[in-house]
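Visitor: Quick one: the structure is below, and I'll ask about it shortly.
The values are calculated or read from the model by the stated rules, or taken from the named source; none is laboratory data. What you are looking at is a predicted structure, and each value in this text was computed from that prediction instead of being measured. When we count neighbours, we look across all protein chains shown, and the Cβ atoms used for this are built from the backbone with ideal geometry, even at glycine. Ligands, DNA and RNA are excluded from the accessible area calculation, which covers all protein heavy atoms including side chains. Shrake-Rupley method; radii C 1.70, N 1.55, O 1.52, S 1.80 Å.
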Amino acid sequence: MADDQLLRLAAFLEVRRLADVNGDLTSKDLRAGFSFEGQRIPLINPQRGIFKPTQMRHLLSIRTVFPRPGARVWYDDQRQVHRQIYEGDEAVDYAFMGQNANAAENRWLREAMQNAVPFIYFLGIAPGIYRAIIPSFVIDWNPSTLKARVAFRAEEEAELGVPETAVERRYALRQVQQRLHQATFREAVITAYRGRCALSGLREPVLLDAAHIIEDKHERLGQPVVQNGIPLAKTHHAAFDAHLIGVDPNFRIHVSERILRQKDGPTLEALKRLHSNRIYLPSRGKDRPDPDRLAMRFEQFKERA
């Protein structure tokens with residue numbers, strides 16, 4: 001058996017490298033695994049949510065799959081799927097495999113708790129898309145409820161081991177909540193527009209952001225819902241946030257006079273050509289930008305244009 005600690009560290013480094021390069025991870029990324037001392041080490045078991053490679057003594061990863069809800073569009077159920085994490089205080093529940101607490105996978109959870117083993121939580125944020133949370137820890141194992149409790153460590157405290165205090169756990173969970181909000185919002189908005197920038201029509205999801213119409217700190221209208229988002233290429237996102245581009249409630253694009261007066265190369269000319277165009281809209285009417293939110297945002301544009 002390989003040295004468990006070295007193999008675990010190698011897995012963490014590879015997953016962090018993939019996340020740095022690709023952002024969120026795909027099922028293909030997870031199935032590929034990684035190489036360690038000439039061996040291919042899987043990161044997950046595609047058929048199981050709890051995974052321990054044969055080369056390791058303890059649990060390496062757990063996984064929550066984002067389900068495909070049949071005829072419904074997956075992001076219609078987005079909040080329900082992640083409700084536990086959004087509403088959690090210090091830790092989250094993770095269901096055992098099946099009804100037998102002594103099944104192998106469930107024992108791995110118990111042993112991870114007993115040995116303070118850090119592992120990877122692959123949290124589904126869309127069908128086939130995962131956010132890796134490292135390190136994660138089992139802090140409770142309950143055979144009567146058939147659930148374990150999972151807590152997280154803040155990234156800047158990742159080397160400190162199991163979070164012992166409620167303050168530590170709350171802080172780390174807030175980080176997870178914020179990243180989950182950002183990741184699921186982006187995936188849902190870009191999916192609704194079929195991977196296309198709403199202003200330019202650019203079809204390359206990797207180059208797109210999900211721009212909030214009303215910023216998320218607004219208590220009433222800032223929710224991470226598709227109707228509060230527009231997919232924008234990064235240059236257009238920066239211009240939108242700076243109120244150099246606005247979208248009115250009739251989905252018409254407005255470019256500020258400051259930009260229209262300037263003459264400074266092809267990028268600026270491309271922005272100017274957007275003036276008076278209509279944005280590309282999602283195919284489902286219920287996914288279109290909320291006109292009330294657009295009206296509020298457009299007033300801000302007019303004040304600064």
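Visitor: Condition first: modelled with pLDDT of 95 or more, farther than 22 Å from residue 180 by Cα and open to solvent by less than 50 Å² (accessible area, probe 1.4 Å). Can you find one or more residues in region 119-140 that meet it?
Guide: Scanning region 119-140, I find no residue that is modelled with pLDDT of 95 or more, farther than 22 Å from residue 180 by Cα and open to solvent by less than 50 Å² (accessible area, probe 1.4 Å), so the answer is no.
Visitor: With respect to residue 104, determine if the residue is surrounded by fewer than 21 Cβ atoms within 10 Å (Cβ to Cβ) and either small (Gly, Ala, Ser) or more than 22 Å from residue 159 (Cβ to Cβ) (or both).
Guide: Criteria met by residue 104.
Visitor: Applying the selection to region 189-206, what residues are surrounded by fewer than 15 Cβ atoms within 10 Å (Cβ to Cβ) and of a type in the set (A, V, I, L, M)?
Guide: 206
Visitor: Considering 13, 59, 43, 18, which residue is over 26 Å from residue 114 (Cβ atoms) and either in a strand (DSSP E or B) or among the aliphatic types (A, V, I, L, M) (or both)?
Guide: Only one candidate passes the filter, namely 18.
Visitor: Identify all residues within region 75-86 that are part of a helix (DSSP H, G or I), modelled with pLDDT of 75 or more and open to solvent by less than 30 Å² (accessible area, probe 1.4 Å); write none if there are none.
Guide: Once the filter is applied, which keeps residues that are part of a helix (DSSP H, G or I), modelled with pLDDT of 75 or more and open to solvent by less than 30 Å² (accessible area, probe 1.4 Å), region 75-86 yields 75, 85.
Visitor: Can you confirm whether residue 215 is farther than 18 Å from residue 302 by Cα and open to solvent by 10 Å² or more (accessible area, probe 1.4 Å)?
Guide: So residue 215 does not fit the description; no.
Visitor: Restricting attention to region 146-170, report how many residues are open to solvent by 30 Å² or more (accessible area, probe 1.4 Å) and without any contact (Cβ under 8 Å) to a residue 24 or more places away in the chain.
Guide: 9
Visitor: Does region 265-288 hold any residues that are open to solvent by 70 Å² or more (accessible area, probe 1.4 Å) and more than 23 Å from residue 207 (Cα to Cα), and which are they?
Guide: 286
Visitor: Then there's this: Please go through region 12-35 and pick out each residue that is charged (D, E, K, R), surrounded by 15 or more Cβ atoms within 10 Å (Cβ to Cβ) and closer than 17 Å to residue 208 by Cα.
Guide: Listed by number, the list holds a single entry, 24.
Visitor: Hey, another quick one. If residue 54 meets every condition in (1) open to solvent by 30 Å² or more (accessible area, probe 1.4 Å); (2) modelled with pLDDT of 95 or more; (3) more than 24 Å from the chain's Cα centre (by Cα) apart from one, which number is that one?
Guide: The single condition residue 54 does not satisfy is (2).
Visitor: Would you check if residue 186 is without any contact (Cβ under 8 Å) to a residue 24 or more places away in the chain, open to solvent by 60 Å² or more (accessible area, probe 1.4 Å) and under 24 Å from the mean Cα position of the chain (by Cα)?
Guide: Numbers: without any contact (Cβ under 8 Å) to a residue 24 or more places away in the chain: no; open to solvent by 60 Å² or more (accessible area, probe 1.4 Å): yes; under 24 Å from the mean Cα position of the chain (by Cα): yes.
Taking the combined requirement at face value, the residue does not satisfy it.
Visitor: Same structure again: Anything in region 227-240 that is open to solvent by 10 Å² or more (accessible area, probe 1.4 Å) and within 20 Å of residue 292 (Cβ to Cβ)? List them, or say none.
Guide: 227
Visitor: Next question. Just one of (1) part of a loop (DSSP other than H, G, I, E, B); (2) open to solvent by less than 30 Å² (accessible area, probe 1.4 Å) trips up residue 8, so point out which.
Guide: (1)
Visitor: Name every residue in region 8-36 that is among the small types (Gly, Ala, Ser) and touching a strand residue (DSSP E or B) at 6+ places or on another chain (Cβ under 6 Å), in order of residue number.
Guide: The answer is 10, 19, 33.
Visitor: Let me ask something else. Need the failing condition index for residue 89 against (1) open to solvent by 30 Å² or more (accessible area, probe 1.4 Å); (2) without any contact (Cβ under 8 Å) to a residue 60 or more places away in the chain, just the number.
Guide: Status for residue 89: all satisfied but (2).
Visitor: Do any helices (runs of 4 or more DSSP H) lying entirely in region 245-304 carry at least 3 residues that are at pLDDT 95 or above, and which ones are they?
Guide: Answer list for region 245-304: 291-304.
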